[in-house]
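Asker: Would you mind keeping the following structure in view while I ask a few things?
Each reported figure results from applying straightforward, stated rules to the coordinates on display, with no laboratory input. Nothing here was measured: the structure is a model prediction, and the numbers come from that model. Every residue, glycine among them, receives a Cβ derived from its backbone with ideal geometry; neighbour counts consider all protein chains shown.
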Amino acid sequence: MPRESMEFDVVIVGAGPAGLSAACRLMQQANRAQRSLKVCVLEKGAEVGAHILSGALLDIRALEELFPDWQARGAPVNTAVCDDRFYMLSSARGGVELPQALLPRPMHNTDAYIISLGNLCRWLANQAEQLGVTIFPGFAAQAPLYDEQGSVCGVLTGDLGLAADGSPKENHVPGMELRAPYTLFAEGSRGHIGKELIERFKLNEGRDAQHYALGIKELWQVAPERHQPGLVIHGSGWPLSDAQGGFFMYHCDETQLAVGLIVDLNYRNPWLDPFKEFQRLKHHPLLARYLYDGKRLAFGARALTKGGLNSLPRMILPGALLLGCNAGTLNGAKIKGIHTAMKSGMLAADSLIANLSTNRDDEVATQAHFNSAFNASWLQEELEQSKSFIPALHKFGPWLGGAFNYIQHNWLGGKLPFALHDKQPDHTRLEQASKHPKIPYARPDGVLSFDRLSSVYLANTSHHEDQPGHLRLADPRLPLRDNLPLYQEPAQRYCPAGVYEIVTQASEPHFQINAANCVHCKACDIKDPAQNIRWTPPEGGSGPNYPNM
């Protein structure tokens, strides 16, 4: 099929904090040098911010480097943390607050801000456009392009107007080739192209297995008397008796608060349902006292990459770089990844600009510059100090692992003569359903807890029914043949949006995929025990449309 082609100096996939920071930094450097530079950013969401979901607490270190005058520019960073608390919950009503002095130092949040990452990305996009960046919202990068030497040379965008069987409809528009000497992939956690590149170029060779968690979040409007702007609550323990993870509640501005649960995807019990664990969490008095009489405004879910430095793949490859959560730059000790994602994009931009400014195509020099800059940066220092944090929790649990991390960071300054590792992929830890008791979950009350369908409605997710399925099975028979008898088909539970169901048709079980419900969290691509489900991007503009998550 003949396709149109456009040429740029740099193509960036993903309008998140990493991709937009890279775009801004590239244009800042080019404008200072009075050099013309063509940079474009592709965003699969209907608009910038539509697919962005995070807690979110922001460490402003990278923002201050990128835009020292961010306050004068009107960055939506207004609510400073003024009260920082951490709890260990023991039961549906019990728990204890841990004093800040007993927490690992990176977990202190007194210098952070409570933000909407979606709104921050919208602001970054505006800054990028003012600097001369071209942004294409509603266009999904379908696949990478390779040149004759096998280097990445751009991306192919997805076709618009295909029917479910793949045939072109009347409004069909073929995807375009966007070509550039360098392509930056900032797709977020478990990006489908990043996954391909890591495998093709063996970028994770010699690294630990990557690790993931599923974050589920709601935004609430609460009564003014229950609202404390700047209050941050973190915690662990109940209700996750069969998994590791933690919860958060952030009191934002305008009498809104964000509440959420993060569930590590290395859990063993296939009966565990992260969505229902989150719903029952909200009934704990610690959180319920703020939510009563409130109104749920938005819902969403997203995977996050949390393996840290031990699992970080090589980020630079011929013609391309992996940035942010696409590579895994989140600092697990701080439970923050926005500032590290932004810094990874800025480091990439600094490494590319010298090569682009001299009109050279010196791949070796660019790789050496990036590796040197990364190793000398505070990003590498943060990840180095926290590289044993997540493995300690995986090996020893929240109490002993927490004590280990306290000693490491508060007594030893994050420096250890050894490193802990966790080399087992998350999906391989799932055990057969017969080894675990079924977990009883109460019915939602419609006040604090809710069902999946009403939650998906609040994600504003939208997919045209007549388009090719974006959730693809390598073996369509495997869910019923293997996963159902062994694991009671866990996709029914680990998916927070009700995409996967076992239904009865003509007295026979049938594996049903409700692709229209998908909120693009990627849990299925990560947790399926047979790695049988492959998430691919649907038609550009599809998916959730988060307002200010």
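Asker: Show log10 I(q)/I(0) for the chain at q = 0.06, 0.09, 0.12 Å⁻¹, two decimals, from a solvent-free Debye sum over equal Cα scatterers.
Answerer: Here log10 of I(q) over I(0) equals -0.27, -0.64, -1.19.
Asker: Calculate the length of the line joining the C-alpha centroid of segment 415-431 to that of segment 375-403, in whole Å.
Answerer: Taking the Cα centre of segment 375-403 as reference, the centre of segment 415-431 is 11 Å away.
Asker: For segment 495-549, what class follows from the C-alpha gyration tensor (a ≥ b ≥ c being the square roots of its eigenvalues): rounded when a/c is under 1.5, otherwise prolate if a/b is larger than b/c, else oblate? Intermediate values should be presented prior to the final figure.
Answerer: Numbers: a/c = 2.29, a/b = 1.65, b/c = 1.39.
Since a/c reaches 1.5 and a/b is larger than b/c, the shape of segment 495-549 is classed as prolate.
Asker: Give me the dipole magnitude in Debye, nearest 20, for segment 368-479 about the Cα centre, with unit charges on the beta carbon: positive for Lys and Arg, negative for Asp and Glu.
Answerer: Numbers: 11 positive and 11 negative charges, 93 e Å.
Approximately 440 debye in magnitude.
Asker: Given Cβ point charges of +1 (Lys, Arg) and -1 (Asp, Glu) and nothing else, what value in debye, to the nearest 20, does the dipole of segment 446-548 about its Cα centre take?
Answerer: Numbers: 8 positive and 11 negative charges, 53 e Å.
Dipole size: approximately 260 debye.
Asker: Further question: What's the local net charge at Met346, with K and R +1, D and E -1, over the other residues with C-beta under 13 Å away?
Answerer: On the way: positive: Arg25, Arg61, Lys343; negative: Glu64, Glu65, Asp350.
Net charge in that neighbourhood comes out at 0.
Asker: Let me ask something additional. How large is ³J(HN,Hα) for each residue in segment 244-256, as worked out from phi by the Karplus curve 6.51 cos²θ - 1.76 cosθ + 1.60 (θ = phi - 60°), to whole Hz, x for Gly and Pro?
Answerer: Along segment 244-256, the couplings run 9, x, x, 10, 8, 9, 10, 8, 7, 8, 6, 6, 10 Hz.
Asker: Send over the per residue convex hull volume for segment 207-311, Cα only, as a whole number of Å³. Don't jump to the answer; show the numbers that get you there.
Answerer: Values: hull volume 11.0 nm³, N = 105.
Value for segment 207-311: 105 Å³ per residue.
Asker: Report, in whole Å, the centroid distance computed from the Cα atoms of segment 1-54 and segment 265-288.
Answerer: 37
Asker: Please give the peptides 219-228, 511-520 ranked by average Cβ packing (other Cβ atoms within 10 Å per residue), highest first, as a rough proxy for protection. Mind showing how you got there, number by number?
Answerer: On the way: 219-228: 15.3, 511-520: 19.9.
Per-residue mean Cβ counts within 10 Å order the peptides as 511-520, 219-228.
Asker: Treat every Asp and Glu Cβ in the chain as -1 and every Lys and Arg Cβ as +1, leave all other atoms uncharged, and give the resulting dipole magnitude about the Cα centre to the nearest 20 debye.
Answerer: On the way: 51 positive and 56 negative charges, 255 e Å.
So the magnitude is around 1220 debye.
Asker: Okay, next question. Sorting check: for 485-498, 197-210, 431-444, which peptide has the highest mean count of neighbouring beta carbons within 10 Å, and how do the rest follow? Let's see the in-between values first.
Answerer: On the way: 485-498: 21.6, 197-210: 16.4, 431-444: 12.4.
Per-residue mean Cβ counts within 10 Å order the peptides as 485-498, 197-210, 431-444.
Asker: Counting C-alpha atoms alone, how compact is segment 52-197: give Rg to one decimal and Dmax as a whole number, in angstrom.
Answerer: Looking at segment 52-197, its Cα Rg and Dmax stand at 21.9, 64 Å.
Asker: Which of Val155, Pro104, Ile135 sits farthest toward the positive end of the charge dipole of segment 101-190, with +1 on the Cβ of Lys and Arg and -1 on the Cβ of Asp and Glu?
Answerer: The residue sitting farthest along the positive end of the dipole is Pro104.
Asker: Rounded to the nearest 500, what is the 222 nm mean residue ellipticity of the chain from helices alone, with -39500 (n - 2.57) per DSSP H run of 4+ residues and division by all residues? Please list the in-between numbers first.
Answerer: Numbers: 14 runs with 140 residues, N = 549.
It lands at -7500 deg cm²/dmol.
Asker: Once you sort the root eigenvalues of the Cα gyration tensor of segment 373-525 as a ≥ b ≥ c, which label holds: rounded (a/c under 1.5), prolate (a/b larger than b/c) or oblate (the other case)?
Answerer: On the way: a/c = 2.11, a/b = 1.90, b/c = 1.11.
Prolate.
Asker: Non-local amide H neighbours of Leu297 (under 5 Å, H modeled in plane, Pro and chain starts lacking H): which ones?
Answerer: Excluding prolines and chain starts, which carry no amide H, the hits are Leu219, Trp220, Gln221.
Asker: May I ask which residue of Ser449, Ala365, Ile60 lies farthest towards the positive end of the charge dipole of the chain, with charges of +1 (Lys, Arg) and -1 (Asp, Glu) on Cβ and the Cα centre as origin?
Answerer: Ser449
Asker: Then there's this: What would the Debye formula give as log10 I(q)/I(0) at q = 0.13, 0.26, 0.27, 0.28 Å⁻¹ for the alpha-carbon point model of segment 176-243, no solvent?
Answerer: Computed log10 I(q)/I(0) values: -0.74, -1.31, -1.34, -1.37.
Asker: Per-residue HN-Hα couplings for segment 529-535, Karplus 6.51 cos²θ - 1.76 cosθ + 1.60 at θ = phi - 60°, whole Hz, x for Gly and Pro?
Answerer: For segment 529-535, the Karplus-derived couplings read x, 9, 6, 8, 9, 10, 7 Hz, x marking Gly and Pro.
Asker: Round to a whole angstrom and tell me the spacing of the C-alpha centers of segment 122-175 and segment 490-549.
Answerer: 23
Asker: Note down the relative contact order for the chain as a percent, whole number, built from C-alpha pairs under 8 angstrom at least six residues apart.
Answerer: Across the chain, relative contact order equals 21 percent.
Asker: Hey, another quick one. Give a residue-ordered list of calculated ³J(HN,Hα) values for segment 157-171 (Karplus: 6.51 cos²θ - 1.76 cosθ + 1.60, θ = phi - 60°; whole Hz; x for Gly, Pro).
Answerer: The phi angles translate into 7, x, 5, 10, x, 9, 7, 4, 8, x, 7, x, 8, 4, 9 Hz.
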